[in-house]
1. In nm, to one decimal, how far is the residue 21 label point from the residue 81 one, both placed 7 Å along Cα→Cβ?
2. Please figure out what share of the DSSP beta bridges in the chain is antiparallel and state it in percent, rounded to the nearest 5.
3. Please say if region 35-101 is rounded, prolate or oblate, where rounded means a/c under 1.5 for a ≥ b ≥ c the square roots of the C-alpha gyration tensor eigenvalues, and otherwise the choice is prolate for a/b larger than b/c and oblate otherwise?
4. Assign one of three labels to region 1-80, namely rounded, prolate or oblate, based on the Cα gyration tensor with a ≥ b ≥ c the square roots of its eigenvalues; rounded applies when a/c is under 1.5, prolate when it is not and a/b is larger than b/c, and oblate otherwise.
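Values quoted throughout were computed directly from the atomic coordinates according to the rules given, and no laboratory measurement underlies them. Because the structure is a prediction, the values reported are computed rather than measured. With ideal geometry, Cβ positions are generated from the backbone for all residues, glycine too; neighbour counts draw on all protein chains shown.
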């Protein structure tokens with residue numbers, strides 16, 4: 001992941017960073033609600049060892065993540081620790097919190 005990346009770039013690159021062997025048995029839709037200049041709404045579907053990424057809002061996500069777009073970029077690029085962001089109120093989660101704990105392991109950063 002590189003400097004100057006946008007949320008759109010990140011979402012476009014998620015499939016190539018996905019490690020299916022780390023997500024065995026996962027069947028989930030994850031909604032990203034990202035605010036700020038670098039925001040947007042996206043949802044990621046992980047099922048049968050495959051991933052798809054779409055813009056918009058999922059009907060019934062298993063996990064919803066709400067954050068500032070730049071903070072989410074910083075989490076994915078390792079500049080911001082996800083647990084620190086969560087405990088500091090920069091990252092809000094609803095739904096399957098167990099899935100949220102595993103999520104970053106599904107991608108090579």
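1. According to this spin-label approximation, the distance is 2.8 nm.
2. Details: 19 of 25 bridges.
Roughly 75 percent of the DSSP beta bridges within the chain come out antiparallel.
3. Prolate is the answer for region 35-101, as a/c is 1.5 or above and a/b outweighs b/c.
4. Values: a/c = 2.01, a/b = 1.33, b/c = 1.52.
Judged from the Cα gyration tensor, region 1-80 comes out oblate (a/c at least 1.5, b/c at or above a/b).
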